[in-house]
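A short worksheet on the structure shown next.
Every number here is computed from the coordinates shown, using simple stated rules; none is lab data. Note that this is a predicted model, so its numbers are computed, not measured. Counting neighbours? That spans all protein chains shown, and the Cβs are built from the backbone with ideal geometry, glycine included.
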Amino acid sequence: MKRRPLLHHRVLGPVDAPLLVLGPSLGTSTTAWDPHVAVLAESHRVLCYDLPGHGGSPSDLVRDHKPGRTTVGDLAHMVLDLVAHHGRDRFHYAGISLGGGVGVHLALHQPDHIASLALVCSSAYFGPPQFWQERAALVRREGTGALLEAMPGRWFADPGTAATSLGKTFLQDLATADPIGYAACCDALAAYDVRRDLRRITAPTLVLGGSQDTATPLPHAWELAEGISGAKSVTVGTGHLAVEEPQAVGAALLAHLRMAGGAEDADRSS
């Protein structure tokens, strides 16, 4: 049997360390985690992946390209395939925006795999389906270039960040994203609503909100933190991609991972 293709990804950090999977935001690639990955890879085996049609991941990973057919669950299964390919079963997960939604799905439907969960500038509901359906239609019609002008104001606390080296990299990721895969991810966002399911999440959870995030403003983070039992909430002065305060974001993630790892060790020894 022919093996199903995998999401494009990169892996770094000690081979025998606990696995940490990092999920990107819509329109970005593994570079979304570049401001944070070095410090995380000191203590964890870090796996960053590209969504279908983004970075090095082909849109063909999406089984059905018809509008409305792709779900966050489909993306989550791709992540599980990737983890299994690397011989792992249980892992920590952190995701930005849509990447966080993938983590929520995994925590809800594959809880035995998730050692801990970190949701960065994410949401239980990314807005009315019509918004994402219209964006998907626009991209299918005109390509992702049609989004470039508006994106700095959605992604960054200071739109001027778009002129920096990192900002240019993010916008280049968007410009080169395959419209088929990007639109499929929009379809996944349109169908995503886990507001009534949050109470079922049992993984130790960090919710990190950006005080200057206009795409998923702080009430989105508060809803996640209030809905997930025992979740810790942290607010950092960032925009949607959480790039403005890398030290604060990294410190919050490391503290969460240490706590979750310690709790898991205690459970195994009890």
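Structure summary
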| quantity | calculated |
| --- | --- |
| C-alpha center-to-center spacing [the range 208-249, the range 13-53] in angstrom | 19 Å |
| In the range 8-77, the trypsin sites (Lys or Arg not before Pro) that fall in loop regions by DSSP, at most 13 other Cβ within 10 Å | ARG63 |
| Calculated from backbone phi, Karplus (6.51, -1.76, 1.60) coupling profile of the range 231-238 in Hz, x at Gly/Pro | 5, 9, 10, 10, 10, 10, x, 10 |
| Amide H contacts of SER211 (H built 1.01 Å from N, under 5 Å, at least 5 apart or other chain) | VAL236, GLY237, THR238 |
| Relative exposure of PHE131, PHE156, judged by other C-beta atoms within 10 Å (fewest first) | PHE131, PHE156 |
| Whole-Hz couplings from phi, Karplus 6.51/-1.76/1.60, listed for the range 32-49; x for Gly and Pro | 4, 9, 4, x, 10, 5, 4, 5, 5, 6, 5, 10, 9, 7, 9, 10, 9, 10 |
| Trypsin sites (Lys or Arg not before Pro) restricted to the range 173-227 and DSSP loop, no more than 15 other C-beta within 10 Å | ARG195, ARG196 |
| Total formal charge among the other residues, if their Cβ is under 14 angstrom from that of HIS109, Lys/Arg +1 and Asp/Glu -1 | -2 |
| For ALA157, distant residues with modelled amide H under 5 Å away | GLY239, HIS240 |
| DSSP bridge pairs, the chain: antiparallel proportion in percent, nearest 5 | 15 percent |
| Added length on full extension, which subtracts the Cα-Cα distance from 0.36 nm per residue, ASP193 to ALA251 | 17.9 nm |
| Range in the chain, longest, excluding exposed GluC sites (Glu not before Pro) [loop by DSSP; at most 16 other beta-carbon atoms within 10 Å] | 150-270 |
| Euclidean distance of C-alpha centroids, the range 147-207 and the range 88-122, integer Å | 16 Å |
| For ALA231, distant residues with modelled amide H under 5 Å away | none |
